[in-house]
Structures are given as C-alpha cells and as structure tokens.
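The values are calculated or read from the model by the stated rules, or taken from the named source; none is laboratory data. None of these values were measured; they are calculated from a predicted model. Positions of Cβ are generated from backbone atoms using ideal geometry, with glycine treated the same way; all protein chains shown enter the neighbour counts. When the accessible area is computed, the model is the full protein with side chains, heavy atoms only, and any ligands, DNA or RNA have been set aside. Shrake-Rupley method; radii C 1.70, N 1.55, O 1.52, S 1.80 Å.
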Amino acid sequence: MERPTHLDPRSPLVLDTHELGRRPGSMRRVQRTVPAPEDLGTDVIGVPTGDDLELDLRLEAVMEGVLVSGTVRARVVGECVRCLDEVVDHVDVPVQELYVYPGRAEVAAENGDDEEDVRELDGDLADVEPALRDALVTALPFQPLCRDDCPGLCSECGARLADEPGHAHDTIDPRWAALGGLQSTLDEKRES
C-alpha cells in the first residue's frame, strides 16, 4: 500500500499536534470515538469495519517529536477455532508511539534505528492508524474460543460436542475389519 503524499487532517485517525508546538513537556489529551478501518484484525477475529474505536490518548511534545500514548477500546468479533460459533469480546489495549519531527527520521536511521520502525510527522499531523493496528492486532487472541472448555466438533460427523456431551461413534479399526467378516461367516456355519 502506497502512502499518500500528505495526510488528510479531516481523517478521524489523523491527529493535529500543532498546538503542542515544539516545546518539550507540553501535552494535550485526545478522547474520541472513531470508525474502525478495514481489515483491523486477523482471519479469525477482528474489529468489524466501521465499528467504534474508543481512543483515549495523550499527545506529549518531547525533544525528538511527539509521543502518543494511551488506550484504544473496541469490540472484536470472530469465530471459535474449535466449534465455529461466534465469539464477541471487548479489548482495551495500550498504545505508545513516537512520531519524530520531519527530518529526524534520517537521524534516527543514522543512529541504527530501522527507518521503517520510525514514524514521522507529516508537518504537524500524526497518522495513528498504523500504531493502533500494531497494538490492537497483536493483542487479539491467536486462537479465539467461545469458552475455555469448548469441546469443539466431532471429527467424524461435525456435531457440536457441547450440545451432545455423550456423542460417540462405533468405529472399527480397518485392520480388524476382515476379522469382523470372518466372525459373520463362523456364525452362519454354526446356525446351519
């Protein structure tokens, strides 16, 4: 995905840091509810597109740039990896990201930091979507469950084992199947 040349200040996930100036120690809080962007999650669980993301952030000017820290809260929806039922949960995830002043990214790269890991302000604008995505997606369960003791589905027929706790199948090991045929032959000989 190619990064736009300039950020849109009207975007709900773009924060304006202008009023902080470049005075280390100046701070402001940002609390807002914004719609979730697309693909905020994994294949099995995530925040539905357009659902509310509650941001409670603190923007603080530091020597290198602006430190954004706080929390993001969201409702996540997915499916249980054992029984495929819907899983709905709420997450409250900490976020912390440093946005360096324009031109400081090269300095950070010279100091040994990976340039891809350094987020740079676009003028006075900070795009918090990548930081929220990094924090939220890594906090999601790798294998979501509807409940910790979910028994899952029957591997033979797909029945929900939670609905049928005593569910079982009489299966004969194929290696013994020939003996079953021999038994029926012996039974027929005894009857005659």
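Brief remarks on what is shown
- V95 being outside any strand (DSSP E or B), of a type in the set (V, I, T) and crowded, with 16+ Cβ neighbours inside 10 Å: no
- Filtered by the rule that a residue be of a type outside the set (A, V, I, L, M) and open to solvent by 60 Å² or more (accessible area, probe 1.4 Å), segment 152-172 gives S155, E156, C157, R160, D163, E164, P165, G166, H169, D170, T171.
- Scanning segment 62-82 for residues that are closer than 30 Å to G158 by Cα, open to solvent by 10 Å² or more (accessible area, probe 1.4 Å) and not acidic (D, E) turns up R75, V77, G78, V81, R82.
- Candidate set from segment 83-92 (those that are acidic (D, E) and out of contact with any Gly (no Cβ under 9 Å at 6 or more places or on another chain)); member that is least open to solvent (accessible area, probe 1.4 Å): D85
- V72 being β-branched (V, I, T) and closer than 20 Å to P130 by Cα: yes
For every residue, the table says whether it meets (1) under 28 Å from G41 (Cβ atoms); (2) touching a Phe, Trp or Tyr at 6+ places or on another chain (Cβ under 8 Å); (3) of a type in the set (D, E, K, R); (4) part of a loop (DSSP other than H, G, I, E, B).
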site	(1), (2), (3), (4)
S155	yes, no, no, yes
A162	yes, no, no, yes
G166	no, no, no, yes
H169	no, no, no, yes
I172	no, no, no, yes
A178	no, no, no, no
G181	no, no, no, no
S184	no, no, no, no
K189	no, no, yes, no
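- Segment 173-192, residues that are of a type in the set (S, T, N, Q) and open to solvent by 100 Å² or more (accessible area, probe 1.4 Å): S192
- The single condition among (1) open to solvent by less than 70 Å² (accessible area, probe 1.4 Å); (2) farther than 30 Å from L15 by Cα; (3) touching a residue at least 40 places away in the same chain (Cβ under 8 Å) that V128 does not meet is (2).
- Close pairs from segment 162-185: first modelled with pLDDT of 75 or more, partner open to solvent by 80 Å² or more (accessible area, probe 1.4 Å), Cβ under 6 Å, at least 6 apart: H169/E156
- Scanning segment 16-37 for residues that are in a strand (DSSP E or B) and either more than 27 Å from the chain's Cα centre (by Cα) or aromatic (F, W, Y) (or both) yields M27, R28.
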